[in-house]
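K.L.:
Take this structure, written in structure tokens, and hold onto it; I'll ask about it next.
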Amino acid sequence: MWHARLDARPRAEALLTVMLPPRCGSCGAPMVARSPDSLCRVCRELVELNDGPRCGRCDLPSDDGSCERCRTRAPAFDGVRAPYIYGGAIRDLVLRAKFRGREDLAQALAHLLSEELRDLPRTGAESQVAPVPLALRRRLLRGYNPSAVIARHVARVLGGEVRYLLLRSRGTRAQSGLTLAERRTNVQQAFVAPRAVRGSVILVDDVVTSGETAHHAALALKQAGAQAVWVVALARATLPT
């Protein structure tokens, strides 16, 4: 019986491919087979890695390993790792996962991220992997939290456990479209950790841009007792003006 079920699975997937041909999550082109990253071969080859010299704290480009912004105002988090540059196919997947209710594309983003987590510190089974929470209204509109989907994959790769350590203490505007100064004000005191936090936390989000969301979320975790907060995101965007 068990072997019959295993044998039936590829046939079911093949039938699904015939009935609902997969399409690239970025350009929409039809694909011969379903791909874990939901990208066609052309779009996948155009994805840009964030592998140049960068700041060891915020992951922005930096030739000397430390950017002026972090030296002027040290963020509450201990480091960021975002292995892709935000743009092109990555941007398409993120926006469709967020604003079109495409949880399958959030799974694709998680797969892409899990391929590039080799250089993160592995803290073992006691790791706490916490997604950045959504405000209730956005959670209801989207139907799910993309960061929570990604966090589950990160926990599997790093050998940790997903824990929902943060809550939104108030509603905020969407960060996209805001200036750097507006982003900072928008998320001030927007997070709270309702329980004491111990040890290190890996905080997971989809994209880091200004770093203000990560900073204030990490600040709330450290005020609750976290010793260190490392931020993991799929992509790093350029700073807004």
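K.L.:
Taking region 188-209 as the region of interest, how many residues are open to solvent by less than 20 Å² (accessible area, probe 1.4 Å), more than 26 Å from residue 84 (Cβ to Cβ) and either touching a Ser or Thr at 6+ places or on another chain (Cβ under 6 Å) or aromatic (Phe, Trp, Tyr) (or both)?
P.N.:
The qualifying residues number 0.
K.L.:
Between 14, 89, 29, which is modelled with pLDDT of 85 or more, of a type in the set (A, V, I, L, M) and surrounded by fewer than 17 Cβ atoms within 10 Å (Cβ to Cβ)?
P.N.:
After applying the criteria, what remains is 29.
K.L.:
Taking the criterion of being touching a residue at least 60 places away in the same chain (Cβ under 8 Å) and within 23 Å of residue 107 (Cα to Cα), would at least one residue in region 171-188 satisfy it?
P.N.:
Scanning region 171-188, I find no residue that is touching a residue at least 60 places away in the same chain (Cβ under 8 Å) and within 23 Å of residue 107 (Cα to Cα), so the answer is no.
K.L.:
For region 44-68, give me the residue count where each residue is open to solvent by 60 Å² or more (accessible area, probe 1.4 Å), among the charged types (D, E, K, R) and touching a residue at least 12 places away in the same chain (Cβ under 8 Å).
P.N.:
4
K.L.:
Next question. Of all residues in region 154-185, which are of a type in the set (Gly, Ala, Ser) and more than 20 Å from the chain's Cα centre (by Cα)?
P.N.:
Taking region 154-185 as the starting set, the residues that turn out to be of a type in the set (Gly, Ala, Ser) are 155, 159-160, 169, 171, 174, 176-177, 181.
Listed by number, the residues that qualify are 169, 171, 181.
K.L.:
Hey, another quick one. Being modelled with pLDDT of 90 or more and over 16 Å from residue 135 (Cβ atoms) is the filter; apply it to region 159-187 and report the residue that is surrounded by the fewest Cβ atoms within 10 Å (Cβ to Cβ).
P.N.:
Taking the candidates together, the pick is 163.
K.L.:
Being among the acidic types (Asp, Glu) and either at pLDDT 90 or above or crowded, with 19+ Cβ neighbours inside 10 Å (or both) is true for just one of 116, 126, 103. Which residue is that? Please lay out each step first, then the result.
P.N.:
Values: 116 fails: either at pLDDT 90 or above or crowded, with 19+ Cβ neighbours inside 10 Å (or both); 126 fails: either at pLDDT 90 or above or crowded, with 19+ Cβ neighbours inside 10 Å (or both).
One residue alone meets the criteria, 103.
K.L.:
Moving to a separate point now. How many of the residues making up region 132-185 are out of contact with any helix residue (DSSP H, G or I) (no Cβ under 8 Å at 6 or more places or on another chain), under 18 Å from residue 101 (Cα atoms) and of a type in the set (Val, Ile, Thr)?
P.N.:
Number of matching residues: 0.
K.L.:
Also, quick follow-up: Within region 134-153, does at least one residue satisfy the condition of being in contact (Cβ under 8 Å) with a residue 60 or more places away in the chain and surrounded by 23 or more Cβ atoms within 10 Å (Cβ to Cβ)?
P.N.:
The answer is yes, given that some residue of region 134-153 is in contact (Cβ under 8 Å) with a residue 60 or more places away in the chain and surrounded by 23 or more Cβ atoms within 10 Å (Cβ to Cβ).
K.L.:
Something else now. Please go through region 52-62 and give me each residue that is over 18 Å from residue 109 (Cβ atoms) and charged (D, E, K, R), ordered by number.
P.N.:
Once the filter is applied, which keeps residues that are over 18 Å from residue 109 (Cβ atoms) and charged (D, E, K, R), region 52-62 yields 54, 57.
K.L.:
For region 210-241, how many residues meet the condition of being of a type in the set (Ser, Thr, Tyr), farther than 12 Å from residue 166 by Cβ and buried (at least 22 other Cβ atoms within 10 Å of the Cβ)?
P.N.:
1
K.L.:
Being at pLDDT below 95, of a type in the set (A, V, I, L, M, F, W, C) and loosely packed, with under 12 Cβ neighbours inside 10 Å is the requirement here; does residue 82 meet it?
P.N.:
no
K.L.:
Give the residue, chosen from 63, 37, 59, that is touching a strand residue (DSSP E or B) at 6+ places or on another chain (Cβ under 8 Å) and either assigned to a loop (DSSP other than H, G, I, E, B) or more than 21 Å from residue 211 (Cα to Cα) (or both). If you could, list the steps in order and put the result at the bottom.
P.N.:
Working: 63 fails: touching a strand residue (DSSP E or B) at 6+ places or on another chain (Cβ under 8 Å); 37 fails: touching a strand residue (DSSP E or B) at 6+ places or on another chain (Cβ under 8 Å).
Only one candidate qualifies: 59.
The values are calculated or read from the model by the stated rules, or taken from the named source; none is laboratory data. Because the structure is predicted, anything quoted here is derived from the model rather than measured. Every residue, glycine as well, gets a Cβ built from its backbone with ideal geometry; the counts of neighbours run over all protein chains shown. For accessibility, only protein heavy atoms count, side chains too; no ligands or nucleic acids. Shrake-Rupley method; radii C 1.70, N 1.55, O 1.52, S 1.80 Å.
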